[in-house]
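See below for the structure under consideration.
The values are calculated or read from the model by the stated rules, or taken from the named source; none is laboratory data. Since the model is a prediction, treat every value here as computed from it, not as a measurement. Positions of Cβ are backbone-derived with ideal geometry, glycine not excepted, and every protein chain shown enters the neighbour counts.
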Amino acid sequence: MTDLYKNVEQYVFDSFRRAGRVPEILHALRTLYWLEKLRPDPDEALRIASISHDIERAFRQKDVKEIVKKPGGLTNKEYFEKHEGRGTKIIGDYLEKQSAKKELVNRVKMLVSRHERGGNEDQNLLKDADSIGFFEVYVAGKATAEMVSYIGENETKKKIDFMYNRITSNEVKKIVKKWYNSAIADLSLS
Ligand SMILES: [Fe+2]
């Protein structure tokens, strides 16, 4: 593990802690865990992007909080552009302050900038690892109830469907299928 990675991890954890978003720390760790399962021995940029991809949530501004509350808010283009775009800027600025190599900074930014929607092979890899980390921490961890109380049943179902349907790898779909099915079953019972 490089010193740069360790610094990023500390920065991400401190930022989430300060924002009172402790489950995001677990989600970041599980995203990295799954990424390493899907691609053993990933490069440093993939590891840094995995741990920091949701950093925007530690610095969420009012406009994004408002978008999230609108119908379809968590799955629309406006949300993805702001969530991915601001996260990219935050982690890019942090890495520059750490005097990271330009090539690494650009690669991390490229990865975080499409972690929700995917794109090239590595962006898809991060997106898929993020989906497993989402199901494992927020869905199987029963945080669905919290999501329902915040955005309602319909929007929660939309988000869960999106996080499942966006997965590129069939292997990853198989891993999350049981969590997806039970979450959908729970939602239709309530
Ligand atoms: Fe995530």
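Residues are listed down the side, and each one gets a yes or a no for (1) of a type in the set (D, E); (2) farther than 19 Å from E155 by Cβ:
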residue	(1), (2)
A28	no, yes
E36	yes, yes
E78	yes, no
Q98	no, yes
K101	no, yes
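When segment 1-41 is examined, which residues are found to be more than 16 Å from the ligand (Cβ to nearest atom) and under 21 Å from I90 (Cβ atoms)?
Answer for segment 1-41, where residues must be more than 16 Å from the ligand (Cβ to nearest atom) and under 21 Å from I90 (Cβ atoms): T2, D3, L4, Y5, K6, N7, Q10, Y11, D14, R17, R18, G20.
Determine whether segment 120-130 contains at least one residue that is farther than 23 Å from F16 by Cα and free of Cβ contacts under 8 Å to residues at least 12 places away in the same chain.
Yes.
Is it the case that some residue within segment 77-90 is more than 20 Å from F16 (Cα to Cα) and within 15 Å of the chain's Cα centre (by Cα)? Quick ask: steps written out before the conclusion?
Residues of segment 77-90 that are more than 20 Å from F16 (Cα to Cα), as a first pass: 77-78, 81.
Restricting the remaining residues to those that are within 15 Å of the chain's Cα centre (by Cα) gives 81.
Yes, segment 77-90 has at least one match.
Within segment 96-108, is even one residue over 28 Å from K174 (Cβ atoms), buried (at least 17 other Cβ atoms within 10 Å of the Cβ) and in contact with a Ser or Thr (Cβ under 9 Å, 6 or more places away or on another chain)?
Yes; the residues of segment 96-108 include at least one that is over 28 Å from K174 (Cβ atoms), buried (at least 17 other Cβ atoms within 10 Å of the Cβ) and in contact with a Ser or Thr (Cβ under 9 Å, 6 or more places away or on another chain).
Among the candidates Y79, Y180, Y164, Y94, which residue alone is without any contact (Cβ under 8 Å) to a residue 24 or more places away in the chain and among the aromatic types (F, W, Y)?
Y79
Would you check if there is a residue in segment 147-165 being buried (at least 19 other Cβ atoms within 10 Å of the Cβ), within 14 Å of the ligand (Cβ to nearest atom), charged (D, E, K, R) and closer than 14 Å to H27 by Cα?
The answer is no, given that none of the residues of segment 147-165 is buried (at least 19 other Cβ atoms within 10 Å of the Cβ), within 14 Å of the ligand (Cβ to nearest atom), charged (D, E, K, R) and closer than 14 Å to H27 by Cα.
Within segment 166-185, which residues are over 19 Å from Y33 (Cβ atoms), modelled with pLDDT of 95 or more and surrounded by fewer than 16 Cβ atoms within 10 Å (Cβ to Cβ)?
Selection gives N170 alone.
Looking at segment 89-141 only, could you name the residues that are at pLDDT 95 or above, among the charged types (D, E, K, R) and closer than 30 Å to A183 by Cα?
R114, E116, R117, E121, D122, K127, D128, D130 - these are the residues of segment 89-141 that are at pLDDT 95 or above, among the charged types (D, E, K, R) and closer than 30 Å to A183 by Cα.
Among the residues of segment 2-28 satisfying the criterion of being of a type in the set (A, V, I, L, M) and in contact (Cβ under 8 Å) with a residue 40 or more places away in the chain, which is nearest to N120 (Cα to Cα)? Write out each step before concluding.
As a first pass, look at segment 2-28 and keep what is of a type in the set (A, V, I, L, M): 4, 8, 12, 19, 22, 25-26, 28.
Checking which are in contact (Cβ under 8 Å) with a residue 40 or more places away in the chain leaves us with 4, 8, 12, 19, 26, 28.
Details: L4: 25, V8: 24, V12: 25, A19: 32, L26: 26, A28: 21 Å.
Filtering segment 2-28 for residues that are of a type in the set (A, V, I, L, M) and in contact (Cβ under 8 Å) with a residue 40 or more places away in the chain, the one nearest to N120 (Cα to Cα) comes out as A28.
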